[in-house]
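Below is one structure, written out as structure tokens, with a few remarks after it.
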Amino acid sequence: MSNSDSFLSGLTTTRRGLLGAFAVAATATAVPLGAFAQAAAPASGTAQAIADHFSGVTTMQGEFVQFGPRGEQTGGKFFIQRPGKLRFNYDDPSPMRVIADGKNVAIGNTKLKTWDLYPLSKTPLSLLLAQHIDLSAGMVKGVKEESDLTTIALGNNTVFGNSTITMMFDPKTYDLRQWTITDNQGKDTSVMIFNVKTGVQFDDRVFRVPYENIPGTAASRD
């Protein structure tokens, strides 16, 4: 099975869950949710400082490596403009594209010319792309502080069910290193980022979802 086939197979599960395309921790560096305290607790001072710093980073671009639930690996380039916008261009031979335009997340296959659309607000990805990272007790599933990594797990059972997003930051620079989304079936997809640049200006077309190519979505662009 090719990387693109694996990706599409994962999306079948996603349709029953929440955007498993971004579940990010099939690697040894990923921290399982069970490693955190079971009860939600207010964020520590370090975690809050990291969240405040990250909230101030409005644009990012760089390269990524994604690890899927079955260990499949893909890579490419990413672009983020907060709030709400993201684009993943996967390296050849993968035909996949992922675009969030602030309202929806579109997952496309350029070879098959097909697109699937998901409301951004219903996916844990919205927590990563929010204007401000919410570390209220109701959102925080756990915080783990180590000498080389600070890990913050967020979720909202009412909105996302059992799906969570786990973000991993450098404790010295507060830079985002990796994120993991765990879907409702407990499957993880991990994204590690590198060669990151911030403060980049993007053309509006970078985050444009091709609604004209997605049947029945004319109203979704508004």
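Worth a mention:
- MET192 meets all of the listed conditions (1) surrounded by fewer than 18 Cβ atoms within 10 Å (Cβ to Cβ); (2) in contact (Cβ under 8 Å) with a residue 12 or more places away in the chain; (3) of a type outside the set (Asp, Glu) but one, namely (1).
- Candidates in the range 143-165 are the residues that are polar (S, T, N, Q) and not in a loop (DSSP other than H, G, I, E, B); of these, the one that is surrounded by the fewest Cβ atoms within 10 Å (Cβ to Cβ) is THR158.
- Between PRO119, PRO93, the distinction of being free of Cβ contacts under 8 Å to residues at least 24 places away in the same chain and either among the hydroxyl-bearing types (Ser, Thr, Tyr) or surrounded by fewer than 19 Cβ atoms within 10 Å (Cβ to Cβ) (or both) belongs to PRO119 only.
- If the condition is being basic (Lys, Arg), more than 18 Å from the chain's Cα centre (by Cα) and assigned to a loop (DSSP other than H, G, I, E, B), then the range 169-207 contributes only LYS172.
No lab work stands behind these numbers, since they all come straight from the coordinates. Treat the numbers as computed from the prediction; the structure is a model and nothing was measured. Cβ: placed from backbone, ideal geometry, glycine included. Neighbour counts: every protein chain shown.
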